[in-house]
Structure formats: C-alpha cells, structure tokens
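Coordinate-derived values only; no laboratory data. Computed from a predicted model, the values in this text were never measured in an experiment. All Cβ positions, even for glycine, are placed from backbone atoms using ideal geometry, and neighbour counts span all protein chains on display.
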Amino acid sequence: VQLQASGGGLVQTGGSLRLSCAASGRKISDYVMGWFRQAPGKKREFVAAVSKTGSTRSADFVQGRFTISKDYAKNTVYLQMNTLKPEDTAAYYCAARPPAITVIATTTQAYTSWGQGTQVTVSS
C-alpha cells in the first residue's frame with residue numbers, strides 16, 4: 001500500500017487542522033492504520049491508530065483533542081486535531097501495519113508502510 005499524507009499547515013494555539021492519509025494500491029480496510037509525529041531532535045512517537053474493525057487508540061497527550069477516522073469510499077484515514085498547542089508542532093506521518101495483523105500497536109517498528117510527513121506548526 002502507498003500512503004500520502006496531507007493537510008498540515010500553520011495554525012494558532014487553540015486552532016484545528018484535519019490531516020488526511022490517502023491510500024493507494026490496497027484498501028484501508030485491510031490494515032491497522034496509525035498516525036505518528038516527530039518533532040525536531042525528538043523520536044517519532046505514536047499519536048493514534050484505528051483497527052480494521054474501527055476501534056481506536058490514542059496517546060495520553062491527545063487528551064480527547066484528536067480523532068482518527070476512516071472513509072472507506074475515499075480510501076482515506078483522517079486525523080482531526082482540535083485545541084492545538086505549540087507542543088503539537090511536528091511532522092505528522094501516517095502508517096500501516098502488515099495486512100495480516102489485526103491488533104493496534106504504538107511502536108514505529110510495528111508499522112511497515114509509511115507516508116511522507118506533513119508539517120504541522122502551532123504558533124503561540
């Protein structure tokens with residue numbers, strides 16, 4: 001599967017953005033899909049993921065501000081981000097686990113297909 005992330009940009013504190021991850025080659029229903037982020041000088045970290053059946057998991061720092069969802073018709077996974085903070089500034093990446101896997105994971109090593117990053121910058 002090929003993944004293309006988009007939707008990043010510059011937003012003020014408290015603002016919102018919706019990131020998109022368009023998949024091609026295979027259907028997103030075949031995969032556990034996740035979002036990760038990486039700030040300069042820091043390790044890439046888990047943000048949220050959605051299973052094949054639609055169950056979701058988010059990192060503790062999300063605190064209900066972000067929502068991951070899927071649109072099967074568009075073969076796209078979204079990350080709706082609200083109440084953004086300066087510490088959310090990072091490059092955001094979408095990823096997919098191997099198609100045989102059904103369990104959500106939070107480590108980068110568990111995901112084998114990655115899109116390019118889309119930059120999110122939150123100004124104070």
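The table below lists the values:
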| read-out | value |
| --- | --- |
| Residue count for segment 1-19, restricted to those that are surrounded by fewer than 18 Cβ atoms within 10 Å (Cβ to Cβ) and assigned to a strand (DSSP E or B) | 8 |
| Options Ala90, Ala23, Ala100; residue that is of a type outside the set (Phe, Trp, Tyr) and free of Cβ contacts under 8 Å to residues at least 24 places away in the same chain | Ala100 |
| Selection count, segment 41-53, where residues are surrounded by fewer than 16 Cβ atoms within 10 Å (Cβ to Cβ) and not in a strand (DSSP E or B) | 4 |
| Qualifying residues in segment 54-87 (those that are without any contact (Cβ under 8 Å) to a residue 12 or more places away in the chain and among the polar types (S, T, N, Q)) - the one surrounded by the fewest Cβ atoms within 10 Å (Cβ to Cβ) | Gln63 |
